[in-house]
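Take a look at the structure below.
Throughout, read-outs are computed from the coordinates displayed, never taken from laboratory work. From a predicted model like this one, the values you see are computed outputs, not experimental measurements. Glycine also receives a Cβ, built like all others from the backbone with ideal geometry; neighbour counts cover every protein chain displayed.
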Amino acid sequence: MGFARASRAAWGPERMGDMDKIILSEKLALITEHWRPKVVGSLNGQEVKLVKFRGEFPWHYHEAEDELFLGVEGRFRIRQCGRPEVYGAQGSANLTGRS
């Protein structure tokens with residue numbers, strides 16, 4: 001199923017009793033464009049998004065949100081103003097607090 005035909009329900013989590021289950025490989029397979037985040041759930045009032053990225057992304061900040069960068073495939077570098085660079089790769093999780 002391509003992104004253009006995917007319904008909002010396709011992006012949401014699968015309900016398993018009292019728990020939502022998100023199968024990353026299935027959700028990532030629906031993403032056909034880079035830099036177009038898709039909401040796959042919510043947690044404590046924040047959206048959980050998946051995105052595929054390639055190349056450099058301009059520095060930005062969030063006043064009210066923390067971020068989690070979970071490496072599923074490949075490698076990436078995160079540069080933050082006034083902080084040391086950190087690197088991520090497949091299987092790593094990088095957390096950054098509000099800027």
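Side notes on the structure shown:
- Amide H to amide H, with H built 1.01 Å from N, Gly41 comes under 5 Å of Val48, counting only residues 5 or more places away or on other chains.
- Annotation: for a label point projected 7 angstrom from Cα along Cα→Cβ of Val72, residues of the range 35-54 with backbone N closer than 19 Å are 35-43, 47-54.
- Estimated vicinal HN-Hα couplings, Hz - the range 24-37 in sequence order (Karplus 6.51, -1.76, 1.60; Gly, Pro = x): 4, 4, 5, 5, 5, 5, 6, 7, 10, 10, 7, 6, 10, x
- Mean shadow area of the chain over all directions, Cα convex hull, nm²: 7.2
- Using the Cβ-Cβ distance between Ala89 and Arg15 with R0 set to 41 Å, the FRET efficiency works out to roughly 0.80.
- In the elastic network of the chain, a GNM with C-alpha springs shorter than 10 Å, the most mobile of Gly82, Gly55, Gly71 is Gly82.
- Net dipole in debye of the chain [+1 Lys, Arg Cβ; -1 Asp, Glu Cβ; about Cα centre; nearest 20]: 300
- A simple spin-label model places the labels of Ile23 and Arg36 2.3 nm from each other, with each point 7 Å out along Cα-to-Cβ.
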